[in-house]
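See structure below.
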Amino acid sequence: MHSLTCLPLSSPSSISSLKPNHHNNPLFNSTSRKTCFTTRALLSSSKESILKDFRERTALKIITGLQNFDKENVASVVTAAEKGGATHVDIACDPELVKLAISLTSCPVCVSSVDPATFPAAVEAGALMVEIGNYDSFYDKGMTFTAEQILNLTKETRRILPSIVLSVTVPHTLSLPDQVKLAELLELEGVDIIQTEGGKCSNPTKSGVLGLIEKATPTLAAAYSISRAVKIPVMCSSGLSAVTAPMAITAGASGVGVGSAVNRLNDVVAMIAEVRSIADSLKTSLQTREVETYRQ
């Protein structure tokens, strides 16, 4: 494994001292009450409905950004996701943003953070998924993440929220073999979705379509390798566009995550058009696969 530098995000004592008390929410672990069969059935049904698009390899998650707390921008991106045909939205881990998002979309809302302590309040506000990832803003500050740290964050999140749909991003700063190894360990920890990345490390030398393909190469390579090593869904994210999203599915991904291609736009109409373009490209890819399967 590469030797990486990682600045501590929270002290071990602050994490281990977490004692969430959410008696009214069945998603939280509670030793003070019995979990009935009905509750387990409801949780299972809810999780399956959230993962349905991943099982069908048609998931499209629109990402607003882990440190994007601009309500106006988040509202525009979520609205675009809803109207453009996305299946999930991913926002910063903030209860007020969650309430805003669920008022604007019927898509399951995922919250992203690298601090498990922030997840419970967002889940109470209505988030149905949590994501350890979307590290791009930290890379800009010179921070990287080790496999050990990602595993520890995952274990702590599962301790606090044993039943929530959990997605974890595998850092592109790891070598490809180490990314695969980490993904296998995350699967053993009960992670539901593995997310790939790589857009930040890609510097296209060409413009146009060739540039878009170059930009997506690292995350496509990770999706190809990881999807063949784990049984859980893989979401290919970072640096994708309408051109490369279908390539991600062909590479083995069960869905795609798109952020900057949408949230960098200043006009909600343009955002909707971009989301729709990506969603349509995935539908076309699905139809092509169905035709090929029928011919076989």
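Here are some residues: S225, S254, S207. Which one is free of Cβ contacts under 8 Å to residues at least 12 places away in the same chain and of a type in the set (G, A, S)? Can you show your working first?
Values: S225 fails: free of Cβ contacts under 8 Å to residues at least 12 places away in the same chain; S254 fails: free of Cβ contacts under 8 Å to residues at least 12 places away in the same chain.
Exactly one of S225, S254, S207 is free of Cβ contacts under 8 Å to residues at least 12 places away in the same chain and of a type in the set (G, A, S), namely S207.
Under the condition of being under 18 Å from A251 (Cα atoms) and basic (K, R), which residue from segment 193-230 is modelled with the highest pLDDT?
Checked segment 193-230; the qualifying residue modelled with the highest pLDDT is R228.
Can you go through S167, S225, S163 and tell me which one is touching a strand residue (DSSP E or B) at 6+ places or on another chain (Cβ under 9 Å) and either over 22 Å from R57 (Cβ atoms) or among the hydroxyl-bearing types (S, T, Y) (or both)?
Numbers: S225 fails: touching a strand residue (DSSP E or B) at 6+ places or on another chain (Cβ under 9 Å); S163 fails: touching a strand residue (DSSP E or B) at 6+ places or on another chain (Cβ under 9 Å).
It is S167.
How many residues does segment 238-267 hold that are crowded, with 17+ Cβ neighbours inside 10 Å and part of a helix (DSSP H, G or I)?
Total satisfying the criteria: 9.
Would you mind telling me which numbered condition in (1) touching a Phe, Trp or Tyr at 6+ places or on another chain (Cβ under 9 Å); (2) crowded, with 22+ Cβ neighbours inside 10 Å D192 fails?
(2)
Take the residues in segment 107-142 that are modelled with pLDDT under 95 and surrounded by fewer than 17 Cβ atoms within 10 Å (Cβ to Cβ), then tell me which one is nearest to H88 (Cα to Cα). Explain how you work it out, then say what you get.
Of all residues in segment 107-142, those modelled with pLDDT under 95 come to 133-142.
Now restrict to residues that are surrounded by fewer than 17 Cβ atoms within 10 Å (Cβ to Cβ): 137, 139-142.
Details: S137: 21, Y139: 25, D140: 26, K141: 28, G142: 29 Å.
Within segment 107-142, the match that is nearest to H88 (Cα to Cα) is S137.
The values are calculated or read from the model by the stated rules, or taken from the named source; none is laboratory data. Note that this is a predicted model, so its numbers are computed, not measured. Don't worry about glycine lacking a Cβ; one is built from the backbone with ideal geometry, like all the others, and counts go over all protein chains shown.
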